[in-house]
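The values are calculated or read from the model by the stated rules, or taken from the named source; none is laboratory data. The model shown is predicted, which means the values in this text are computed figures rather than measured ones. Here Cβ is always computed from backbone atoms with ideal geometry, including for glycine, and neighbour counts include all displayed protein chains. Just so you know, the surface numbers come from the protein's heavy atoms only, side chains and all, with ligands and any DNA or RNA stripped out. Shrake-Rupley method; radii C 1.70, N 1.55, O 1.52, S 1.80 Å.
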Amino acid sequence: MSVPVCTIGLLFHSAVHDETVDEDRVPELGLLTVPEEVWALAVRRAEVIGPLAEAGTAGAEAMEAAAEQLGISRRQVYVLLRRWREGQGVVSDLLPGRSSGGRGGQRLSAEVEAVIREVLRKHYLTRQRKTTAAVHREITRVCRTRGLPVPSLGAITRRIAVLDPHAETTARRGADAARALESAGGQVPPVSGVLEQVQIDHTVVDLIVVDEHHRLPIGRPYVTVAIDVFSRCIVGLVITLEAPSALSVGLCLAHMVTDKRAWLEHLDIEAGWPMAGKPGELYLDNAAEFKSEALRRGCEQHGITLRYRPPGRPHYGGIIERVIGTLMEMVHELPGTTFSNPAQRGSYDSEAKAALTVAELEKWLALAVASYHGKIHGTIAQTPQARWAAGTAQTPAVTVANETAFLVDFLPVIRRTLTRTGFVIDHVRYFSDGLKPWIARRGQLDRFVIRRDPRDISRIWVLDPEGGSYLTVPYRTQSHPAVSVWEHRAAVERLRAEGRAQVDEEALFRMVEQMRTIADTAKSTTRKARRDAERRSKAGAAGPRDKPAVAVPPEDIPAGDAGRASATDAGSVAPFEVIEQW
């Protein structure tokens, strides 16, 4: 059953849920329940209404210009402006409300929308360049074959109108024809303000780290770094033992947009790192982790534009690559460094000299970043910290109070059908009393949108089918230990290797316990076992094991007043069926 658009952006919960259930909710404002063409319309509205709202009092001339840009009346512009100011200042505030679908018409069903998308992809976005009328005839044929209502030519025209101009021109006329829609010349687009553009990238750290218990080598960790192009300040940093993924990007974004004082206190260091806030634009390379559905929708929801480096033009990412290079040069001073290459390392025994744990490296990097912010930068001819202070004095940065709610918008997406016993995801059952109202009418509901954190699969977030919030749902058997995706996959592979045709939940967690026992016995002798044990301990620290805190809608507040929200928790299992790969 498709979800009415008018229900998607609601900030309140269904009346059938009691207060106890609501405490386990995280808000969702329509990132994944809105059809693409409706979401694109809301994004276009936000591009026009957002700057209009920031300008303060809008005159008649500005309102007329906005109406012309959006193709609506001035009265409708006033309505959208009021909704933006009274809402959260995010794209979903401007989603269209309930509509009759036109004069005597109705909104198209999800099945018809799917046909339109399929035909546009196969027949319109091709070098054959079929006309809109020809595409409409093909849609008519397919709809009649499938027993679906036929959409009007106007409906098809409107959906074509919201296609990305660059992607449309590339598909129909080729890359050469689309070049006119790209930025001119070979220069990286300039920026003029703090957080106007942020670049993110990953690298493996030039350092061997040791485990917490035996202080023996476990290999090289990874770092994800975000830099504000205008000030050259590092605004986000995440250290993991996992290879770069979309989760790394989400964690770095969550670190970027929240006040870092609580994090610095947790590290037990006295250092100033006031740089935090929502970026206007993320500038990324073309790696797969930067093109996930969750990242795209999450960024659109929070008004963050995604842009990618043009292929074959590496200088477009030079700023982030240079700052990562600077950090690695500093890392080369630490015991256990691998240097940049074997020639530099020479006869230095990196493993024998290794001394820092992941936590100690994170603490050292926080101090290194604070030192970097206080030094004169050759390009901007002043310290990054001074440039940040001057920039935020003119345009204050906007931070997020609830880090958990923000991070959920960027977690991997799964879609599952609800059963009488809850959800089953990769052989693991999840259940909560909050599911009971939905179980009673599950035959009328489509598959649910589910989010989960790959570091800990012990709980998931389930989107209310009427939109508005996520319900936190734990294991059905809560005595099971929290495990991460990589640990879960390894257990399944071991069971398959033993000839198990069917993997049941009890056997799965027994195998996890056996593998942990083996790892604990062997971790003093093998580096892989020590690394696995350290990854498990870090995954277990991803969130609290007790009852999750009350989650409220993300609140945008000035960076100087932001308090660190509750830390990210909760779980996510690896995808075996319909799940976005991270």
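Below, the figures for the structure above:
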{"read-out": "Pair list, Cβ < 6 Å and 6+ apart or interchain, from the range 451-462 residues that are on the phi > 0 side of the Ramachandran plot to residues that are open to solvent by 10 Å² or more (accessible area, probe 1.4 Å) and in a loop (DSSP other than H, G, I, E, B)", "value": "none"}
{"read-out": "Enumeration of residues in the range 42-91 that are in contact with a Leu (Cβ under 9 Å, 6 or more places away or on another chain), open to solvent by less than 30 Å² (accessible area, probe 1.4 Å), more than 19 Å from E196 (Cα to Cα) and assigned to a helix (DSSP H, G or I)", "value": "A42, M63, A66, V77, L80, L81"}
{"read-out": "Considering residues of the range 346-371 that are among the charged types (D, E, K, R) and open to solvent by 60 Å² or more (accessible area, probe 1.4 Å) only, the residue farthest from H266 (Cα to Cα)", "value": "D349"}
{"read-out": "Flag for I324 being open to solvent by less than 30 Å² (accessible area, probe 1.4 Å) and not in a loop (DSSP other than H, G, I, E, B)", "value": "yes"}
{"read-out": "Candidate set: the range 261-295, residues that are open to solvent by 50 Å² or more (accessible area, probe 1.4 Å) and modelled with pLDDT under 85; chosen: the one farthest from V34 (Cα to Cα)", "value": "N286"}
{"read-out": "Pairs where the first residue, in the range 337-365, is closer than 19 Å to E242 by Cβ and the second is small (G, A, S) and surrounded by fewer than 17 Cβ atoms within 10 Å (Cβ to Cβ), C-beta under 6 Å, 6+ apart", "value": "none"}
{"read-out": "Among residues of the range 263-279, those that are closer than 25 Å to V229 by Cα and not in a loop (DSSP other than H, G, I, E, B), counted", "value": "2"}
{"read-out": "Test: residue in the range 469-483 that is outside any helix (DSSP H, G or I), under 27 Å from Q301 (Cβ atoms), of a type outside the set (D, E) and in contact with a Leu (Cβ under 6 Å, 6 or more places away or on another chain)", "value": "yes"}
{"read-out": "Yes/no for T417 being within 30 Å of V492 (Cβ to Cβ), among the polar types (S, T, N, Q), open to solvent by less than 50 Å² (accessible area, probe 1.4 Å) and touching a residue at least 24 places away in the same chain (Cβ under 8 Å)", "value": "no"}
{"read-out": "Some residue of the range 243-250 being within 17 Å of the chain's Cα centre (by Cα) and under 25 Å from T392 (Cα atoms)", "value": "yes"}
{"read-out": "Hey, V503 open to solvent by less than 10 Å² (accessible area, probe 1.4 Å) and in contact with a helix residue (DSSP H, G or I) (Cβ under 8 Å, 6 or more places away or on another chain) or not", "value": "no"}
{"read-out": "Close pairs from the range 391-408: first farther than 17 Å from V191 by Cβ, partner in a helix (DSSP H, G or I) and modelled with pLDDT of 85 or more, Cβ under 7 Å, at least 6 apart", "value": "T399/V257; V400/V257; V400/F406; E403/A254; F406/A254; F406/V257; L407/G250; L407/A254"}
{"read-out": "Residue satisfying all of: in the range 298-317; part of a helix (DSSP H, G or I) and open to solvent by 10 Å² or more (accessible area, probe 1.4 Å); modelled with the highest pLDDT among these", "value": "E300"}
{"read-out": "Criterion: aliphatic (A, V, I, L, M) and more than 28 Å from the chain's Cα centre (by Cα) - qualifying residue of A386, A359", "value": "A386"}
{"read-out": "Tally, over the range 221-246, of residues that are of a type in the set (D, E) and open to solvent by 20 Å² or more (accessible area, probe 1.4 Å)", "value": "1"}
{"read-out": "I218, sole failed condition from (1) farther than 20 Å from I324 by Cα; (2) out of contact with any Lys or Arg (no Cβ under 6 Å at 6 or more places or on another chain); (3) crowded, with 21+ Cβ neighbours inside 10 Å", "value": "(2)"}
